[in-house]
Amino acid sequence: KQWYQRRVAITTGGAICQLQKECVNLKTAFQNFYQEFERTLLNIQSEIQSTTKADKEKVCDEVYRIQPIGIFHSCFLTKNGTPRQPSLCKYARGTLKVTYFLNSFYSLVDIESYSHLWILFIFHKDLEKDHKLRSKVAPPRLNGAKVGVYSTRSPHRPNRLGLSLVKLDKVEADTLYLSGLDLVDGTPVVDIKPYISDYDIPPEPSSHPRWINAPPTSRVTVEFTEAALTDITTVFSGAHQHKMRFIRSEGELKQSITDIIEADPRSVYRKRQGNVEFSFPLDTIDVYVKVSDSTLIVTGVKQSEYVKMLLDKQNL
């Protein structure tokens, strides 16, 4: 019996000793694995940091190459004065000549059956200034308050892609004639999609932030001086070097000016400057506006040297 007890003790002690050795081996193996993991992680981080911005852009360019299908021409020669949203100015017209295909007019077959189109484009003017992108932006309607960039339609966004719903007036071969737009002349267009109310209007009631419909900005009143009304008449008398390209009558011109100013094209910075005069180009003329608190007075509608330079530069 004593012999049996000694035997059991020796066997148990040996098992415990073996178990202790296994634990030590397991601990050593885990430490080696963790050290190898740390080295691998450091190598990956080093490779990521060594990859330049140009290398990243090159990879994206190879994988996500986007080529414009045409260049948009509109009555808005610069960003200054261009509506921030489509449909704000009924007579804001433009043309899009599709050039992607050899016979581009085939790509537009049956498109005249639609009344409205979605235009996908690039905010090329924003690319020219090379704005530093931020996750939060300040929409004009919020008077400096910031929200997430994806909660807005700001042009200062990754990839600089814009989307506008415009009215299709007519089609001639490879050219679309559009209205109710908010695109600057020279905008690269990357795609066209038909607007289909059955699919583009959500089946359930939609919602949006309060500041969309109730901005904290004051409403403005638009007035015209007698001199400005005379200028509008003169625009269509043939006295200007460049005839109007898109706006067809005195009534359309006055209404377009009113629509643009009622939406207040001034930036938050300009508004904070108070009663400071400003101007903006429209079609082939410049519109001059005097600010008197919440009343914006059109004082002149003339063709400035600046507008002539823009038109000559673009051979318009």
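Please list, ordered by chain and number, the residues whose modelled amide H lies under 5 Å from the amide H of Gly186; skip anything fewer than 5 residues away on the same chain.
Phe72, His73, Ser74
Please calculate how many Å² of accessible area segment 85-188 carries per residue, with a 1.4 Å probe and no DNA, RNA or ligand atoms counted. Provide the component values of the computation, followed by the final result.
Values: 5830 Å² over 104 residues.
Here the residues of segment 85-188 average 56 Å² of exposed surface.
Please give the per residue accessible area of segment 251-316, computed with a probe of 1.4 Å over protein heavy atoms only, in Å². Walk me through the intermediate numbers first.
Working: 3160 Å² over 66 residues.
Accessible area per residue, segment 251-316: 48 Å².
Could you give each residue of segment 135-150 its phi-based ³J(HN,Hα) in whole Hz, using Karplus coefficients 6.51, -1.76, 1.60 with θ = phi - 60°, and x for Gly or Pro?
6, 10, 10, 10, x, x, 5, 9, 6, x, 5, 10, 9, x, 4, 7
Specify whether the C-alpha gyration tensor of segment 111-215 places it in the rounded, prolate or oblate class, a ≥ b ≥ c being the square roots of the eigenvalues: rounded for a/c under 1.5, otherwise prolate if a/b is larger than b/c and oblate if not. Could the numbers behind the result be given before it?
Values: a/c = 2.43, a/b = 1.35, b/c = 1.80.
Oblate, because a/c is 1.5 or more while a/b does not exceed b/c.
Please arrange Arg210, Arg134 by accessible surface area, largest first, computed with a 1.4 Å probe and ligands excluded.
Details: Arg210 205, Arg134 140 Å².
Solvent-accessible surface, decreasing: Arg210, Arg134.
Of the lysine pairs in segment 165-298, how many meet both conditions: Cα atoms under 18 Å apart, and a spacing of 8 or more in sequence or different chains? It would help to have the intermediate numbers written out before the result.
Values: Lys167/Lys193; Lys170/Lys193; Lys243/Lys254; Lys254/Lys290; Lys271/Lys290.
Lysine pairs meeting both conditions in segment 165-298 amount to 5.
Given the protein chains as shown and a 1.4 Å probe, how many square angstrom of Ser113 are accessible, to the nearest 10?
Approximately 80 Å² of Ser113 is accessible to the 1.4 Å probe.
At a 1.4 Å probe radius, carbon and sulfur cover how many percent of the accessible area of segment 171-261?
Working: 2550 of 5160 Å².
Reported share for carbon and sulfur atoms: 49 percent.
Exactly which chymotrypsin sites (Phe, Trp or Tyr not before Pro) in segment 276-315 are in a DSSP loop and have at most 14 other Cβ atoms within 10 Å? If you can, show how the numbers build up before the last one.
Working: sites: Phe278, Tyr288, Tyr306; in loops: none.
Sites meeting the loop and neighbour criteria: none at all.
The values are calculated or read from the model by the stated rules, or taken from the named source; none is laboratory data. Quantities reported herein were computed from a predicted structural model and do not represent experimental measurements. For neighbour counting, all protein chains shown are included, and Cβ atoms are generated from backbone atoms with ideal geometry for every residue, glycine included. Each accessible area value is taken on the protein alone, full model and side chains, heavy atoms only, with ligands, DNA and RNA left out. Shrake-Rupley method; radii C 1.70, N 1.55, O 1.52, S 1.80 Å.
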